[in-house]
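All remarks here apply to the structure that follows.
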């Protein structure tokens, strides 16, 4: 498989395509490899992956105002897709404050506005307490694991 390079190393200034590989401005290229700068890889607080047709946003570590600033661009990209099926996985967090809560409400609002579904995995007792006090657990039911979340459609947030 060959890739057409249209500019000098290391970035490509315009869109090119060959063999189902599309190069976008800013893509690093080298030999036969295209290296995409994945926004989620820029923060240690977020891992994005697919599970059974759902986009899973797995949050890690301390979710405070600094982490939230790193997470918002990826959150907005994922939740901005029409009909997005999103799972927020909070099993790997160590700290969660009102900035994290704002992320949850933002994700819910954006997903529902585009006809999608938001589901939540959370087992952290203090985070569950914050969600309870804020009332978030009444609009999205937090469940204990991915199998439970993806097996229960009624746990999804589907009504504005």
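The values are calculated or read from the model by the stated rules, or taken from the named source; none is laboratory data. Predicted, not measured: the structure shown is a model, and the values here were computed from it. Cβ atoms come from the backbone with ideal geometry, glycine included; neighbour counts cover every protein chain shown.
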In segment 49-59, is there at least one residue being assigned to a helix (DSSP H, G or I), at pLDDT 95 or above and surrounded by 15 or more Cβ atoms within 10 Å (Cβ to Cβ)? no
Criterion first (in contact with a strand residue (DSSP E or B) (Cβ under 9 Å, 6 or more places away or on another chain) and part of a strand (DSSP E or B)) does residue 70 satisfy it? no
